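Bear in mind these aren't lab numbers, they're just calculated from the coordinates by the rules spelled out. Keep in mind it's a predicted model, so treat the numbers as computed, not measured. Note: ideal-geometry Cβ built from the backbone for every residue, glycine included; neighbour counts use all protein chains shown.
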Amino acid sequence: MATWCRASGEGTLLDVVVQPKASREGIGPVQGERLKVRVHAPPADNEANEAVVALVAKRVGVPKSAVTIASGRTGRRKTLLVRGLAPGVVLARLGEGAGPPVG
């Protein structure tokens, strides 16, 4: 199991690093111990956080309300909680974009 994706009492915790104002939105690759998430939104006014939640929710097939920021709301390094899904299911739904580390 990937170290950035682990079980929680409520579902799955994902350790991510966010790249706001990216030219392309996407998820992956893994950088160090975190999954990279790129969003178009700027970091101001919580826009990047909302974009990260929406992108991850869409990719794993859950409503946006099932994905919350468990820690790191004001930084690039965040831990997301995906409620109601086991880590294996989340990894399978993230697919190829969440592959092995780069670098």
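One table, with the values for the structure above:
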quantity	calculated
Cβ-placed point charges (K, R +1; D, E -1), dipole of the stretch 5-94 about Cα centre in debye, nearest 20	180 debye
Residue-averaged 222 nm ellipticity for the chain, from DSSP H runs of 4+ at -39500 (n - 2.57), nearest 500	-6500 deg cm²/dmol
Convex hull projection area averaged over all views, the stretch 31-84, Cα basis, nm²	3.8 nm²
Qualifying aspartates and glutamates (Cα of each under 19 Å from Cα of K78; at least 8 residues distant if same chain)	E10, D15, E25, E33, D45, E47, E50
Two-site label geometry, R76 and E10: point separation in nm, points 7 Å out along Cα→Cβ	2.7 nm
